[in-house]
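Working notes, structure below.
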Amino acid sequence: MTAQPLHGSPDDPAEILRALPDHWHEQFLSEYHSALEAAHEVWRFRQLREVLHVWHLRAVAYSNPAFEEAAQAVRENRTDEFVSADHVLPG
């Protein structure tokens with residue numbers, strides 16, 4: 001799957017599912033349904049929003065064609081392929 005912009009609300013579960021590569025669907029749906037069930041308790045509604053927000057960010061990353069290559073570089077500890085956060089993030 002190629003990277004595609006998310007339309008509508010970035011935390012819309014249908015949009016997240018549409019953007020995610022297929023092999024992430026099961027994990028997303030499991031976490032989403034758990035958070036949705038927990039949201040029946042008013043004080044746990046925030047958990048649902050957090051799950052959707054995190055999965056939105058994951059969908060953006062996972063749908064990037066370079067993601068798997070970068071993840072493999074991390075697993076292989078190929079640090080020479082990365083830029084220090086100090087050079088990217090101000091302050």
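Can you give the helix-only mean residue ellipticity at 222 nm for the chain, where every DSSP H stretch with n ≥ 4 adds -39500 (n - 2.57) and the sum goes over all residues, rounded to the nearest 500 deg cm²/dmol?
Rounded to the nearest 500, the figure is -17000 deg cm²/dmol.
Annotation for Glu76 and Ser30: the two label points, set 7 Å from Cα along the Cα-Cβ direction, are 2.8 nm apart. Accessible surface of His56, taken over heavy atoms with a 1.4 Å probe and every protein chain present, rounds to 30 Å².
A straight chain from Ala14 to Asp86 at 0.36 nm per residue would run longer than the Cα-Cα distance by 22.4 nm. Rolling a 1.4 angstrom probe over the protein heavy atoms with all chains in place gives the chain an accessible area of 74 Å² per residue.
Applying the Kirkwood pairwise sum to the alpha-carbon positions of the stretch 35-91 produces a hydrodynamic radius of 14.1 angstrom.
Span-like helix check, the chain: qualifying full DSSP H segments, with Cα axial length of 18 Å or more and mean Kyte-Doolittle of 0.0 or more, are 45-62.
Basic side chains Lys and Arg get +1 at the Cβ, acidic Asp and Glu get -1 at the Cβ, and with that the dipole of the stretch 3-91 about its Cα centre reaches some 220 debye.
The values are calculated or read from the model by the stated rules, or taken from the named source; none is laboratory data. Nothing here was measured: the structure is a model prediction, and the numbers come from that model. We place every Cβ from the backbone using ideal geometry, glycine too, and count neighbours over all the protein chains shown. Heavy atoms of the whole protein, side chains included, go into the accessibility calculation; ligands, DNA and RNA do not. Shrake-Rupley method; radii C 1.70, N 1.55, O 1.52, S 1.80 Å.
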